Amino acid sequence: MSNTIKILSLVLFAFFISCEQPPSIRPPFSNVSVPSLNLTFDASKGDTLILGNGTEIRVPANAFVDAMGNPVSGEVELSFTQMNDVSSLITSGIPMKFGPDEDPSIMESAAMFEIGANQNGQPLELANDMSIETVIATDEESDAFDFYSFDPETGNWSNEGTVTPTPNPAIAELTSSIDSSDSILSEMDLSNCFAFNYFEDLDIVVDSEKSKLKDKRFNYYTWDTAPSLQTMTRLISEKLKGYGAFLMDTHSYQEVKYKGKSYSANMVLWEPASPIPDWVKKMNLTYFTEVKPRRNGNYNMMFARYNDSWDQIKLLYMEAKVKMPLSELYSKPATQRTDEYEALVLRMKTEQQVLSSQNKVLRIFNIRKMGIYNYDIIKQEERLLVKAEVELSNDFPTDLFVILKGQNTVIRYSEDELSRFAIYPGMEYLCFKVIENNQIAMQPMRTLTDDEYNDLKKDNTFKIKLEPTDYTVKSVDDVAHFLNKESEEVMLSMRW
């Protein structure tokens, strides 16, 4: 049975969530949550939620039951929230620790997501024999990440298995399509092309009444109104210019080959191997002499240039290939060719935008329950547990956050947990708290030296001094800006 696939743009919808969070989930910012995507569909048909980064959530038909276990029909709303970066991990308030409370390990995430379903505001669950296929796209290509589910009541994570990441096929498909479009655009681009003046090759004939001339390219003319050579050259030039090409106001008496057929050199469009030289465009004291074939299928064009006194001559050469016969060029009106070119440019730009939003790899797992899931590594490297002392004027009883540079993880400490503060040798870290009105108090990002680490082994006390900042969080983007800005400040200070 086929599902109707609705491609949703990344418009942020309200996240369906109960009014009361489980005690294990503590969003640090007031009235700020991670935006989600919602999909409304017919429960009897199922549907697929498609994100712009390659993530897909594939819901089968007749998948849901209500709180009493009864099958659900009619409209169902699916909500999906993906947390791929540190800013969204912080904002979610979902804990990222694993193991016993007295000595938990850090979880480094490749992708965390929350999925829920409801009908008329009432939460739904999957039927016993049903599952949802989750295809999660990320840029983390390592196969060391296991799949975990979260129990919001206990605050514990459970290992659900291992998933091997596979390349996102959309990247190869889009790249191939863009390359193909680029090749076609190159063929359609006539900005570096030219034609010889072909007025001598126009099939000018006298009609049966012997009263009109017909050139088969422009119009009928009476003997009295037939264009002069100068006028004909102007008309040809304007016609070519409409297609984006340049008229070289000279002509050839030779024939050339194109795809096995012979053509007058005047009746084909030419494309030089390099940009058309200015001396060709001006043709000042320069005259075309001949076209000679090359072994690579191109042609050498020879020109003679005289000096101002006309007593010295210099031979100049330009390599070019036959782009197409003029009959092929003129088979479509210039406006149609322009429209087709611009439509292809727009399509390629759109594909490039979609490609830029795609994540590198996909991880696929069938879930049998609504809830929170995460692809994680449990970090096991060397660490030192010390007592942290936080100094902050007008201290607020909020948790301390520690961000390790270059790692997709969030370390969070309540007041009771500061006696088991984890120190990693050589770590580059940022410490902050959220104080009143979502303002951030922080200690600038710094690197813990080997000497400081060794001293902590003796002293066992780690001092953190926080200062209120101008950063105030109103959205996830504000958190990302804060983290990026502080990282940039460190890089600038190191650079200078």
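The values are calculated or read from the model by the stated rules, or taken from the named source; none is laboratory data. The model shown is predicted, which means the values in this text are computed figures rather than measured ones. Note that each Cβ is placed from the backbone with ideal geometry, even for glycine, and that neighbours are counted across all protein chains shown.
Could you say whether any residue in the range 144-151 is loosely packed, with under 15 Cβ neighbours inside 10 Å and either farther than 22 Å from Ser24 by Cβ or among the small types (Gly, Ala, Ser) (or both)? Give the derivation first.
The initial filter retains those residues of the range 144-151 that are loosely packed, with under 15 Cβ neighbours inside 10 Å, namely 144, 151.
Narrowing the set further to residues that are either farther than 22 Å from Ser24 by Cβ or among the small types (Gly, Ala, Ser) (or both) leaves 144.
Yes, the range 144-151 has at least one match.
Residue by residue, here is whether (1) in contact with a His (Cβ under 7 Å, 6 or more places away or on another chain); (2) modelled with pLDDT under 90; (3) of a type in the set (A, V, I, L, M, F, W, C); (4) not in a loop (DSSP other than H, G, I, E, B) holds:
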residue	(1), (2), (3), (4)
Trp157	no, no, yes, yes
Ala172	no, no, yes, yes
Asn192	no, no, no, no
Arg217	no, yes, no, no
Gln230	no, yes, no, yes
Ile236	no, yes, yes, yes
Leu240	no, no, yes, yes
Gly244	no, no, no, no
Val256	no, no, yes, yes
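Of everything in the range 457-484 that is of a type in the set (Asp, Glu) and outside any helix (DSSP H, G or I), the residue that is farthest from Leu430 (Cα to Cα) is Asp470. Of the strands (runs of 3 or more DSSP E) that lie entirely inside the range 268-346, those containing 1 or more residues that are within 14 Å of Leu190 (Cβ to Cβ), touching a Cys at 6+ places or on another chain (Cβ under 6 Å) and of a type in the set (D, E, K, R) span 268-272, 313-325. Scanning the range 347-379 for residues that are of a type outside the set (Phe, Trp, Tyr) and either under 17 Å from Ile57 (Cα atoms) or outside any helix (DSSP H, G or I) (or both) yields a total of 19. Residue count for the range 426-456, restricted to those that are at pLDDT 85 or above, over 22 Å from Ser87 (Cα atoms) and assigned to a loop (DSSP other than H, G, I, E, B): 2. When the range 352-374 is filtered for residues that are surrounded by fewer than 15 Cβ atoms within 10 Å (Cβ to Cβ) and among the hydroxyl-bearing types (Ser, Thr, Tyr), the ones remaining, listed by number, are Ser356, Ser357.
Considering (1) in a loop (DSSP other than H, G, I, E, B); (2) within 21 Å of Asp85 (Cβ to Cβ), the lone condition that Phe150 does not fulfil carries the number (1).
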